[in-house]
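This report refers to the structure that appears directly beneath it.
The values are calculated or read from the model by the stated rules, or taken from the named source; none is laboratory data. Predicted model, so just to flag it, every value in this text is computed and none were measured. So basically every Cβ, Gly included, is an ideal-geometry build from the backbone, and we count neighbours across all protein chains shown.
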Amino acid sequence: MGVLALPVAGPWCKIADAIRYALKVKPKFAFPVHDGMLQKERVGGAHRIPDLVLAKNDIKFIAMNAGDEIEF
């Protein structure tokens, strides 16, 4: 798989489960979804933790801001 939209926030979402899923699927790239509900000062861990873990497994985690465009 090339690109994974990875849910990182939500009342139903555990970041550890999302990371385990990404490690199982093994995309080249992952970007966060459902993080728009987080306040800016609280988004840190939802981006920092996946970035640290996935990078160690050769998965590039790309955090984006509203309106960003990225070509994979």
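Listed values, structure above:
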| quantity | calculated |
| --- | --- |
| Selection status of Val43, aliphatic (A, V, I, L, M), surrounded by 11 or more Cβ atoms within 10 Å (Cβ to Cβ) and modelled with pLDDT under 75 | yes |
| Matching residues, segment 1-32, being in contact (Cβ under 8 Å) with a residue 60 or more places away in the chain and either among the basic types (Lys, Arg) or in contact with a Gly (Cβ under 6 Å, 6 or more places away or on another chain) (or both) | none |
| Output for segment 1-40, where each listed residue is farther than 20 Å from Glu71 by Cβ, modelled with pLDDT of 90 or more and exposed (fewer than 12 other Cβ atoms within 10 Å of the Cβ) | Ala16, Asp17, Lys24 |
